[in-house]
Structures are given as structure tokens and as C-alpha cells.
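A short write-up of the structure that comes next.
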Amino acid sequence: MPDLAPVRRPPISRLSKTPSWIMLGFCLGVLFIWALPDEPPPAPPPAPDPVTILLRPHRMSEVEAVFDQWGQYAVWDNDTTEVALWNADAKAFTDTFEVLRVGETLYFRTIPKLTRPVIRRGVESKSPLQFTGVPDERP
């Protein structure tokens, strides 16, 4: 068996520096990726839209019929009064009307809200109408 000559290694100064630079770039890349901030947490889901209740508007004939039964509790000022009708869908007095009296004839019109104070005395508690009174004119 012939003796194998030991393999001579080239001197370090003659070795290629490329693998060192590649390794340095790889390590720097890992450090930068590691230093990046984490992704922000996902935004909370948007709040669900409030349920919209579609309220059935009262027909004028309903208001007239109810006022015909309960109209004796109305407080008139210059032959006008305001009433609020109970709305079963909303479970509140949400439908407001102004009533104009001309002789024996009554005229109804819807209004956005009552402008006079609601009276509670002298009206039955189970009345489907809320009646308004004349505002106090105290100084």
C-alpha cells in the first residue's frame, strides 16, 4: 500500500472570504427579522348594529276612534290640544298628534313631539292617550 501523502491545506489567507460574508448576512437578516415588531393584534369585530324596530304608523281613523272614547279628558287651549297615542310595538307613547277643534269637527295632524306638559291628574291610568295641558305661566 502506498503511503498516502497528507492533504495540504491552503493557508488561511488564501481561503475565500465569501462564505463568511454570506453567513454574516444571514445572521444579520435573522436579527432584523427577529427585531421587527409583531403584527398588531386583530381589531375587535365591529359591534353589531342595533336592532331596528319598524314601527307601524297609526292610521288617522285609529286615532280618531281612540280620541272619540277618551277625548273627554282633553284640556283645550284656543281649541287645540296635543295627545300622545300608545304604540304597542314600541311599548311607549310615541305617536303624537295635535287636535284642532272647529265647532263640533275635530282635525288631527301628526307632530314630531309634544310641546306642552303631559297632565296626569284626572286621567285614568289605563288610558291609551296621554293628554297635554296648558303650560303654567308662573314667573
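The values are calculated or read from the model by the stated rules, or taken from the named source; none is laboratory data. Source: prediction; values computed, not measured. Neighbour counts are summed over all protein chains in view; Cβ atoms, including those assigned to glycine, are modelled from backbone coordinates with ideal geometry.
Here are some notes:
Let's see how each residue does on (1) more than 23 Å from D95 (Cβ to Cβ); (2) in contact with a helix residue (DSSP H, G or I) (Cβ under 8 Å, 6 or more places away or on another chain); (3) at pLDDT 85 or above; (4) part of a loop (DSSP other than H, G, I, E, B):
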position: A5; (1), (2), (3), (4): yes, no, no, yes
position: R8; (1), (2), (3), (4): yes, no, no, yes
position: L24; (1), (2), (3), (4): yes, no, yes, no
position: I33; (1), (2), (3), (4): yes, no, yes, no
position: P48; (1), (2), (3), (4): yes, no, no, yes
position: V51; (1), (2), (3), (4): no, no, no, yes
position: V63; (1), (2), (3), (4): no, no, yes, no
position: Q72; (1), (2), (3), (4): no, no, yes, no
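- Subset of region 91-109 (residues that are more than 12 Å from M60 (Cβ to Cβ), surrounded by 10 or more Cβ atoms within 10 Å (Cβ to Cβ) and of a type in the set (V, I, T)): T94, T96
- Residue match in region 94-107 (condition: under 19 Å from T132 (Cβ atoms), assigned to a helix (DSSP H, G or I) and out of contact with any Asp or Glu (no Cβ under 7 Å at 6 or more places or on another chain)): no
Residue-by-condition table, conditions (1) closer than 17 Å to S61 by Cα; (2) in contact (Cβ under 8 Å) with a residue 40 or more places away in the chain:
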residue: L85; (1), (2): yes, yes
residue: D89; (1), (2): no, no
residue: P128; (1), (2): yes, yes
residue: F131; (1), (2): no, yes
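- Every condition in (1) surrounded by 13 or more Cβ atoms within 10 Å (Cβ to Cβ); (2) under 29 Å from the mean Cα position of the chain (by Cα); (3) free of Cβ contacts under 8 Å to residues at least 24 places away in the same chain is met by P112 except one, and the failing one is (1).
- Screening region 74-93 for residues that are of a type in the set (D, E) and part of a strand (DSSP E or B) and picking the one that is modelled with the lowest pLDDT gives D77.
- For the residues D79, D38, the requirement of being of a type in the set (D, E) and farther than 25 Å from V118 by Cβ singles out D38.
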